[in-house]
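Notes to accompany the following structure.
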Amino acid sequence: MPAFRHIEQSSDARLHHDTIARPPAPPVPPEDETDNKSEPQIPESGQSVVGLTGTGKTWLACAFGHQAARLDHYVSYVRMPRLFEDMAMARLDGRFPRLVDKLARVQLLVLDDWGTHGLTDQQRLDLLELFEERYQRRSTIITAQLPVSGWHDMIGEPTIADAILDRIVHNAHRIELKGDSMRRKDRNATLTSAENTGTIQSET
């Protein structure tokens, strides 16, 4: 998948949260042509993409991110393990309020690999603070292998889990992907091609 426009891409062609995207603004038309027109908006709600590994969750989430960037919105991508690492470091060196404020201002935040492990007490509180700042103000896309029904247990502490899920689940659009892993299909196709090549060579 192509990188978001005008953004430095990471080694795996996705974005880290410290890189925020916004394409350059288009030329401003004359005043008489701008009447009754407004900047395109992203719905102030969430979206969760759930499915087994290899079904295309990250690809789909990044596709939404690309489209949002083309519509002149700030977009940021981060894997959840990396987010927790950076939040922990920010707490140590005093940057935590600035980091949360930066993430809260992103118009579309893509959180990948949600629910790969249980949360510590501090991680729960950090997530609650982030989602509280973004609730009904900005849009968030979450990708997860874990079904939504298992998110409460994954978060852990019931009171905080209720508060977090109330902000990211009840007003969200949900996409559930099914099927076999596309990586496995690609690998099988490669193996089959290699086997056919080997057979042809052995026959010549």
(Q) Any residue in region 79-91 that is surrounded by fewer than 18 Cβ atoms within 10 Å (Cβ to Cβ) sitting within a Cβ distance under 6 Å of a residue that is among the aliphatic types (A, V, I, L, M)? List the pairs, counting only those 6 or more apart or interchain. (A) A90/L99
Q.
For region 118-169, which positions are touching a residue at least 12 places away in the same chain (Cβ under 8 Å) and in a loop (DSSP other than H, G, I, E, B)?
A. G118, L119, Y135, Q136, R137, R138, Q145, L146, P147, G156, E157, V169
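Here, each number is a calculation from the coordinates, and none is a lab measurement. Predicted, not measured: the structure shown is a model, and the values here were computed from it. With ideal geometry, Cβ positions are generated from the backbone for all residues, glycine too; neighbour counts draw on all protein chains shown.
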